[in-house]
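Report on the following structure.
The values are calculated or read from the model by the stated rules, or taken from the named source; none is laboratory data. From a predicted model like this one, the values you see are computed outputs, not experimental measurements. We place every Cβ from the backbone using ideal geometry, glycine too, and count neighbours over all the protein chains shown. We work out accessible area using only protein heavy atoms, side chains counted, and drop any ligands, DNA or RNA first. Shrake-Rupley method; radii C 1.70, N 1.55, O 1.52, S 1.80 Å.
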Amino acid sequence: MFSTALTIAGSDPSGGAGLQADLKTFHQRKVYGMAVLTLWTVQNTKGVKSVRVLRPSDVLAQLDAVLEDIRPGAVKTGALGNASVIRALAERFRVLKYPLVLDPVMISKHGARLLERNAVQTLKKELIPCATLVTPNLPEAELLTGLNIRDIGGMKTAARQILRLGPRAVLIKGGHLQGAAPDVFCDARRLTVLAGRRVSTKHTHGTGCTYSACVAAELAKGSEVLSAVRIAKRFISKAIRTSPGLGKGSGPVNHFAEV
């Protein structure tokens, strides 16, 4: 029996991030992947040229078509674009009981906005409470909490604060720290630091998408949340270390990585 997972995310035509990265990750982790498009971008490894968000009705039509036919073992979200799309999805996920990994994608690697500023509060109030796991990087965690995060202590404080928004668990990624790159996991029972070495490379396009997609794949196979996070941490670390060096800018990680 195949495990199945669904990504609800934007498109990256260069293949390094977004639903393309998610589907590659699902496949590598031996999970059948499905995708609902929320927005499309014109981008490559050098930058994002434009972004266009789909209508909420178009996003929901795709979602409903998938769910009436193939039920996912887990779902992840990526770039959602605006408050209207978030509200529409939140209405569905208040009823649906699939494990939900919410990657609160707000700004691309190259600085392009993938979530309207006025949608952050909607994300906090309506969709984050539906999540099994929320996976912000440091800038996203700062926007969600209003904190200035500069070390592991700040990450722990932010994780606890985001947990109070209602998700079952929070994973704050430390890739933007100076020096080492630890992550902080927090749920109602524990707070755990996952150590990580920094890799000296510019090829980190799609790391957040790939990391959260791997968590979703492991949840779809039945893993407990922290166990899924540990596997995903090993996967993304190796994917960064062995990045293929494609493109003239910030290239993709290695989605063929094995752990």
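Numbers at a glance
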{"read-out": "Gain on full stretching of the segment that runs from T192 to M1 - 0.36 nm per residue minus C-alpha separation", "value": "65.5 nm"}
{"read-out": "Label point distance in nm, T157-K125, each placed 7 Å from Cα along Cα→Cβ", "value": "2.6"}
{"read-out": "Rounded percent of accessible protein surface that carbon and sulfur make up, region 60-138, 1.4 Å probe", "value": "48"}
{"read-out": "Accessible solvent surface per residue of the chain, calculated while the other protein chains remain in place, 1.4 angstrom probe, Å²", "value": "44"}
{"read-out": "Gain on full stretching of the segment that runs from R150 to V42 - 0.36 nm per residue minus C-alpha separation", "value": "35.6 nm"}
{"read-out": "27 Å tail of the calculated P(r), the chain, as % of Cα pairs", "value": "28"}
{"read-out": "Loop-resident sites, region 50-141, for trypsin sites (Lys or Arg not before Pro), counting at most 13 other Cβ within 10 Å (DSSP)", "value": "R94, K97"}
{"read-out": "H203 long-range amide H proximity, modeled H, under 5 Å", "value": "G251"}
{"read-out": "At 1.306 mPa s and 10 °C, Stokes D of region 71-145 from Kirkwood alpha-carbon radius, µm² per second", "value": "127"}
{"read-out": "Calculated FRET value between R234 and N118, using beta carbons and R₀ = 30 Å, to 0.05", "value": "0.20"}
{"read-out": "Dipole moment magnitude, nearest 20 debye, the chain about Cα centre, only Lys, Arg, Asp, Glu C-beta charged", "value": "660"}
{"read-out": "With at most 13 other Cβ atoms within 10 Å, longest stretch of the chain clear of loop GluC sites (Glu not before Pro) (DSSP)", "value": "69-223"}
{"read-out": "Overall Cα dimensions of region 141-259 - principal axes, largest extent first, Å", "value": "40, 35, 21"}
{"read-out": "Principal axes of region 8-113: Cα extent on each, largest first, Å", "value": "38, 33, 19"}
{"read-out": "The chain, relative contact order [Cα under 8 Å, separation at least 6], %", "value": "20"}
{"read-out": "Whole-angstrom gap from region 157-235 to region 75-119, using each part's C-alpha centre", "value": "17"}
{"read-out": "Size of charge dipole - region 47-128 - debye, nearest 20, with Cβ of Lys, Arg +1 and Asp, Glu -1, no other charges", "value": "340"}
{"read-out": "Mean Kyte hydropathy of -0.5 or more with a Cα span along the axis of at least 30 Å, helices from DSSP in the chain", "value": "none"}
{"read-out": "Top positive-direction residue, dipole computed over the chain with Cβ charges, set N148, P136, M34", "value": "N148"}
